[in-house]
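So the structure is just underneath, and the comments pick up after that.
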Amino acid sequence: MSKDKSLQAFKEAQELIPGGVNSPVRAFASVGGSPVFVSEGEGGYLKDIDGNKYVDFVQSWGPLIFGHRDESIESAVIEAVKHGLSFGAPTLAETELAKLVVSMFDSIDKVRFVSSGTEAVMSAIRLARGFTGRDDIVKFTGCYHGHSDSLLVQAGSGAATFGNPSSPGVPADFTKHTLLAQYNNIDSVKKCFADSKDIACVIIEPIAGNMGLVPAQKEFLNELRELCDANGTLLIFDEVMSGFRASINGAESITGVKPDIVTLGKVIGGGMPVGAFGARREIMAQLSPEGPVYQAGTLSGNPVAMAAGFAALSKLKKNAPVLDVLNKRAVRLVEGMQEEAKKCGITMQVDTRGSMFGFFFNENPVMSFEDACTCDASFFAKFHQGMLNEGFYFACSLFEAGFISTATTDEMVEECIKASAKVFKEIA
């Protein structure tokens, strides 16, 4: 499989773009080699500029639940473009998509559209602080909520709960109000509340997809909800990745735990840049222009993104049982690879939620980021390169979930399992 054109394209990009990429993970740094440069996507496949074809288990990191170039979404985008790319003014498309989102999430009465997941989370936290009149927030190690300053944190030294900046360019003052807890560990959250009486919100991926796929335990989420209620703190579910992917009605329908605010992205734009945050009326009433909490964006509610999102979510709502079909394929994929790994003496932990899947090369189940960090990263890199050479495109980081689309056929899944057997034997 030749990748000469991709290699040359990467060298040229590095001269003009930092690291050669516009989002760090794309550089393939953690899996070795150099990234393939994509020329097009079609259904369940990607094609690179060298002409190689791959079964795509990334699907633009989640939003393409109906695969690349779905006809109904593509048609909606083309029709919207005919009327203009952007107006910076209200359109009917915004209200129509809002109705759809609200109808599918019990915890959302009103929604505000933005242009990215990072923007959605940043705004949701500001809203929580404005609503409660408090400054501190709690997040969990391993949960990624975008690259805004207050969320780029790492654990403090010793027994400190408050985080330190994890990136140059982020002043310590910006993260001093961010407390860190351990995923699926309620005692670590209790310590945060013991250390601060000024916690506005706790933000969590209820189905984490940024440390690999690691779902929060129901008991943990229930205790988290009770702890927030007891302290007058808002609970934010970040479903930028899992929303409409793990369940058509959000993590609340899976876990039974109701959040105060939900952040969304990816799928609600059908592949276009979009994000959103929503909550009950009382909370959303604090948002400008109704209330004093300011948030704005010229491209928020962009008509092309709204058209794509409405087409995607309408199709999903009409075909809700499709998530069960996708989950069966996801289960078959990871369990099939797990069986092949076992034959080679390789231990593999697997899990799925709806159309999301994850796997770890680890002896023990993964319940937190700390567990995920004990996985064999070098083995994953070899596996990733091997599967790429066999024509299967997985996320280029062991800390990312995978995705099944409606264009991912049973035949593709079986071919992938067969290819994994070959790769496992070569590595072992």
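Numbers below:
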| read-out | value |
| --- | --- |
| For the range 293-364, convex hull of alpha carbons as volume per residue, Å³ | 162 |
| Segments 397-403, 126-132, 19-25, 100-106 sorted - mean Cβ within 10 Å per residue, highest first | 397-403, 126-132, 100-106, 19-25 |
| Amide H contacts of residue 201 (H built 1.01 Å from N, under 5 Å, at least 5 apart or other chain) | 138, 234 |
| Environment charge of residue 425, counting only residues whose C-beta is closer than 14 Å and scoring Lys/Arg +1, Asp/Glu -1 | +1 |
| Tensor-based shape of the range 106-226 (alpha-carbon gyration tensor, a/c under 1.5 rounded, otherwise prolate or oblate) | rounded |
| Label-point separation, residue 69 to residue 219 (7 Å along Cα→Cβ), nm | 5.0 |
| Additional length obtainable on full extension of the chain from residue 103 to residue 166, 0.36 nm per residue less Cα span | 18.9 nm |
| Efficiency of FRET between residue 4 and residue 374 - r from beta-carbon atoms, R0 35 angstrom, step 0.05 | 0.40 |
| The chain - mean residue ellipticity at 222 nm from DSSP helices (-39,500 (n - 2.57) per run, n ≥ 4, rounded to 500) | -11500 deg cm²/dmol |
| Extreme residue, positive dipole direction of the chain, given options 184, 289, 133 (C-beta unit charges) | 289 |
| The range 293-368: chymotrypsin sites (Phe, Trp or Tyr not before Pro) in DSSP loop, at most 12 other beta carbons within 10 Å | 294 |
| Solvent-accessible heavy-atom area per residue, rounded to whole Å², over the chain at 1.4 Å | 42 |
| Amide H contacts of residue 376 (H built 1.01 Å from N, under 5 Å, at least 5 apart or other chain) | 361 |
| Rounded, prolate or oblate (a/c below 1.5 giving rounded, otherwise prolate when a/b exceeds b/c) for the range 329-389 by Cα gyration tensor | rounded |
| Potential extension, residue 231-residue 409 segment - 0.36 nm per residue separation minus Cα distance | 59.3 nm |
| Lysine pairs within the range 1-134, Cα separation less than 25 Å, 8 or more sequence positions apart or different chains | 9 |
| Radius 12 Å from Cβ of residue 275, net charge of other residues (Lys, Arg +1; Asp, Glu -1) | -1 |
| Whether the range 1-87 is rounded, prolate or oblate, judged on the alpha carbon gyration tensor where a/c under 1.5 counts as rounded | prolate |
| Table column - 3J(HN,Hα) (Hz), the range 189-197, Karplus curve with 6.51, -1.76, 1.60, x for Gly and Pro | 6, 4, 5, 4, 5, 6, 7, 9, 9 |
| Amide hydrogen neighbours beyond the local backbone of residue 45, cut-off 5 Å, H modeled | 56, 68 |
| Dipole magnitude of the chain, debye to nearest 20 (Cβ charges: Lys/Arg +1, Asp/Glu -1, about Cα centre) | 280 |
| Vicinal HN-Hα couplings computed from phi for the range 232-239 (Karplus, 6.51 cos²θ - 1.76 cosθ + 1.60; Hz; Gly/Pro x) | x, 9, 7, 10, 10, 9, 8, 10 |
| Distance from the range 62-108 to the range 264-313 (C-alpha centre basis), Å | 11 |
| Cβ charges +1 (Lys, Arg) and -1 (Asp, Glu), total dipole of the range 178-287, debye | 240 |
| Hz values of 3J(HN,Hα) by residue in the range 123-136 - Karplus curve (6.51, -1.76, 1.60), Gly and Pro given as x | 6, 5, 5, 4, 5, 4, 5, x, 5, 8, x, 10, 10, 7 |
| Nearest-20 debye value, the range 108-265 charge dipole, Cβ charges on Lys, Arg, Asp, Glu | 120 |
| Accessible surface ranking that places the most exposed of 363, 390 first, with a 1.4 angstrom probe | 363, 390 |
| Farthest positive-ward along the range 47-122 dipole, Cα basis, beta-carbon charges - from 107, 84, 67 | 84 |
| The range 127-157 versus the range 322-372: alpha-carbon centroid distance in Å | 30 |
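The values are calculated or read from the model by the stated rules, or taken from the named source; none is laboratory data. No experiment lies behind these values; they were computed from the predicted model shown. All Cβ positions, even for glycine, are placed from backbone atoms using ideal geometry, and neighbour counts span all protein chains on display. To get the accessible areas, we keep the full protein, side chains included, count just its heavy atoms, and leave off ligands, DNA and RNA. Shrake-Rupley method; radii C 1.70, N 1.55, O 1.52, S 1.80 Å.
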